[in-house]
Amino acid sequence: MKTTSISCAIVLLLGGSAALAQTTQLTPAPERISDAAISADYGAYSLLQGRLQQLNERGVPVRDYHLSKAQCWLDVSLHEYSRNDRSAFPQAALTESEKLIMALENKTTPLPMDTRLVNGAVKLRPDLWERSAALKQHSGFQCAWRQVACAEVELVHAGNEFNQQQWRHAKPYIQIAEELVFEANQLAEACAPAPVAPKIVAAAPVVPVVPVIVPAPQPVSLQARVLFDFDKFTPEHIRADSRAELDQMVARAKREGIKIETVRLVGHADRLNGTGNKNYNRQLSQKRVNTVRDLFIAQGLTVFSVSIDAKGDAEQVAQCQAQFSRKAELEECLLPNRRVEVELKGLK
């Protein structure tokens, strides 16, 4: 991040009045070619994530409509930035997130309920937009704030992808929006007050009411380790047993109705590096993280928050110091280091 951007973020954190007209700026796409620039941009994302955390610590619920929308705008911005989207979309989505963060920090009222079609995104699935608008008028809307907010952001995300690469790239985000709207409708219906039945005056025996005990949601944590072939990061180069483990994790979450709240992905690379670029392994581990994250999206897993990290070759679990007759044997020995650690946390 450029120095001016860092200053803006600090002023915003301190709540200065001058911050109202300032926003965090990512490095322009043509200049996004150095590790320093990319690292600074990731730092900008971390600052905004920290401000969201502070808002929650001050009492704004995580499920709040506007806090949820700010988080989802930030997530889709980071998602497309990590995929090297060179359009204006990552910046536009980040700006939408920061505008909501600023409004929450300054306790602005009323807060906006609309969702902008940033970067000229096409308005796909009018039926989902209509259902979202109807949910905002529903008496149980307060129970579906997060789902409605994130569904709208994902519809904009899909509309942007459609403009860039047509339906095939828009479809995963449409699916996320569909599932969020469906879940929002169920939550709103369950939350709405029951209609008051008319009183009937009649002599009738008193039947004792037996309370129905609904078990409290139980926290669930699922882990997996995704291993990659040497110097590779694409889905085709995930080891078969690792891919099966990942698919089983997603299938279990869907089968058992686990509501995933957070996904943490940490990417790693082995110590070999013949490129001359000291940051190559960190960049490789970041690409592996992006691959696993995109697999979750493609399988329609609805997640509130995704945390990603790229460690490069800083955390080796297999040292492989023995003498190997062939380089391929050393590469295979180092396989445990070419991993993405996956942790899903939610409620069942």
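Summary of values
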| read-out | value |
| --- | --- |
| Cross-link pairs Lys69/Lys107; Lys69/Lys136; Lys171/Lys348; Lys232/Lys327 - those with Cα-Cα distance over 18 Å | Lys171/Lys348 |
| Cα shape, the chain, gyration tensor, a/c 1.5 rule | oblate |
| Using θ = phi - 60° and Karplus 6.51 cos²θ - 1.76 cosθ + 1.60, couplings along region 309-317 (whole Hz; Gly, Pro as x) | 8, 10, 8, x, 9, 6, 10, 7, 9 |
| GNM result for the chain, Cα springs below 10 Å: residue of Leu100, Leu67, Leu330 fluctuating most strongly | Leu330 |
| Options Phe233, Leu335, Val292, ranked by Cα towards positive dipole end of the chain, top entry (Cβ charges) | Val292 |
| Within the chain, helix-based [θ] at 222 nm, where runs of 4 or more DSSP H residues each add -39,500 (n - 2.57), nearest 500 | -16500 deg cm²/dmol |
| Check: the chain dipole with +1 on Lys, Arg Cβ and -1 on Asp, Glu Cβ, in debye | 200 |
| When the convex hull of its Cα atoms is projected in every direction, mean area for region 14-151 (nm²) | 9.3 |
| Surface/4 of the Cα convex hull for region 219-347, nm² | 8.1 |
| Partner aspartates and glutamates for Lys259 [C-alpha distance under 13 Å; skip if fewer than 8 residues away on the same chain] | Glu179, Glu183 |
| In sequence order, calculated HN-Hα J values of region 112-126 (Karplus, 6.51, -1.76, 1.60; Hz; x Gly/Pro) | x, 10, 8, 10, 7, 8, 5, 6, x, 4, 6, 8, 7, 6, x |
| Exposed-site-free run, longest, the chain (rule: GluC sites (Glu not before Pro); DSSP loop; at most 16 other C-beta within 10 Å) | 1-255 |
| Charge dipole of region 3-191 about the Cα centre (unit charges at C-beta), most positive-ward option of Ala70, Leu104, Ala40 | Leu104 |
| DSSP-defined antiparallel bridges as percent of all bridges, the chain, nearest 5 | 75 |
| Cβ-placed point charges (K, R +1; D, E -1), dipole of region 3-191 about Cα centre in debye, nearest 20 | 200 |
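Since every read-out is calculated from the coordinates, none of them should be taken as a lab result. Remember, predicted model here, so these are calculated numbers, not experimental data. In this analysis, Cβ positions are derived from the backbone assuming ideal geometry, glycine residues included, and neighbour counts consider all displayed protein chains.
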